[in-house]
Structure formats: C-alpha cells, structure tokens
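The values are calculated or read from the model by the stated rules, or taken from the named source; none is laboratory data. This one's a predicted model, so the numbers in the text were calculated from it and none came from an experiment. Using ideal geometry, Cβ is built from the backbone for each residue, glycine included, and neighbour counts are taken over all protein chains shown. Ligands, DNA and RNA are excluded from the accessible area calculation, which covers all protein heavy atoms including side chains. Shrake-Rupley method; radii C 1.70, N 1.55, O 1.52, S 1.80 Å.
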Amino acid sequence: MQPVLETERLLLRPYLAADAADVQRLAGDARVADTTANIPHPYPDGAAQAWIAGQASALAAGTRIVYAVTLRRDGALIGTVDLHEMSRTHARAMLGYWIGVPYWGQGYATEATRRLIDHGHTAHGLSRIGGACLARNPASARVMEKAGLRLEGRLVAHECKHGVFEDLLLYGRILPGRISSPSPA
C-alpha cells in the first residue's frame, strides 16, 4: 500500500487512471520535455495511461515509487516526484521529478522532493539518494541542492536530447545511518 504523503502545501498521492489527461497536458508541454532527459515531445496519446498502469508492478517489485504531486488547497495535479532504480541491497535510489510550467518557480519541486526523500529514508530504509539533471537545467540543480543533495560529478556528452549530446550533472545525498567504508590509504 502506497501512503499519501503531506507537506504544508502539497499532497503526494498515488496516481489514478483519471490523471492521464493532466499528465499528458502538463508533461507534454515542450518546455517540460526540453528540460528532462526522458519525457518525450510530442507526448504520445496513450503514453500517460500506460505509464500510470505500469506503476503498480514497479511498486510491488520495490524498484520504483511514483507520486502525483497535488495542491492541498484544490487537489490540482501539478507534477510528479519519484524514487527509481531503488535497491534494498544497497539502500539507495535515484530521485526524479517534473513540475508543470504553470507551477514553476514556487518551490513545489523542492517541497515534494524533501518529503519523498524523508519517506524513502524512514519507510524504505534508504540511506543514499542520487539525482541527475541536464547541465543546462540550473533550476533542477537548485531543487536537488535545496533538498540536500551535493554535486558529485559531470558526465560529459552523456545524454542525447534532440540529436545533441549533452552533459549530465550527478548529485547525491547520504542520509543518517549509512556507514561508509574507510578510504584506501
């Protein structure tokens, strides 16, 4: 069972089939797709339905937790936050998120990611959270930094977006309870 997570302004809840049209509209905006590595543009018909339908199996397998980011005041869907590439063995996951353009610049992504990181730590025993963004997306980098992740590296010409190879910035955060092995001398 996937719990609903609350913040001051947001409810993070499981996706419903009825959310597909809003996902396609918001994620399908060229400005959202342009700043992410994996959202297509144009956003294909039926893709949101298939994506939502596939979430239950990933949750059951323990490899991904996806939340619809909604406003507490009116329930409006404004984006997505997720933990993917989850590994119980290694107590780690990668952070992902997108927010619809009408809601940019209001701190929603940071608020949602902070809450999801806390949930991943307390409910799933994760002690390392990673994240990545295109180097030309400073807003995404700021979200990760505000959520406590630190820049760990840069993969040069790593992602191909619109036929152009782009650099990817790598971020990470170690959470309480993670024991690191000593560095070699």
> Can you give me the relative contact order of the chain as a percent, contacts being Cα pairs under 8 Å and 6 or more apart?
Replying inline: 17 percent
> How large is ³J(HN,Hα), in whole Hz, for each residue of the range 159-164 in order, when computed from phi with the Karplus curve 6.51 cos²θ - 1.76 cosθ + 1.60 and θ = phi - 60°, using x for Gly and Pro?
Replying inline: 10, 9, 10, 6, x, 10
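Mind putting a number on the dipole of the range 37-113 about its Cα centre? Charges go on the C-beta only, +1 for Lys and Arg and -1 for Asp and Glu, and I need it in Debye to the nearest 20.
Using only the charged Cβ atoms, the result is roughly 220 debye.
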> Which ³J(HN,Hα) values in Hz, rounded to whole numbers, follow from the phi angles of the range 97-110 under the Karplus curve 6.51 cos²θ - 1.76 cosθ + 1.60, where θ = phi - 60° and Gly and Pro get x?
Replying inline: 6, 8, 10, x, 3, x, 10, 5, x, 10, x, 5, 5, 5
> Using a ≥ b ≥ c from the Cα gyration tensor of the range 54-180 (square roots of the eigenvalues), is it rounded, prolate or oblate, where a/c under 1.5 gives rounded and otherwise the larger of a/b and b/c decides, a/b for prolate?
Replying inline: rounded
>> Just to verify a number: what accessible area does His124 come out at with the full protein assembly present, 1.4 Å probe, Å² rounded to tens?
In response: 40 Å²
>> Nearest 500 deg cm²/dmol is fine: what mean residue ellipticity at 222 nm does the chain get from its DSSP H runs of n ≥ 4 alone, each adding -39,500 (n - 2.57), divided by its residue count?
In response: -8000 deg cm²/dmol
>> Can you compute the FRET efficiency between His41 and His124 using 1/(1 + (r/R0)^6), with r the Cβ-Cβ distance and R0 = 35 Å? Round to the nearest 0.05.
In response: 0.65
> How big is the gap, in Å, between the Cα center of the range 104-146 and the Cα center of the range 65-82?
Replying inline: 14 Å
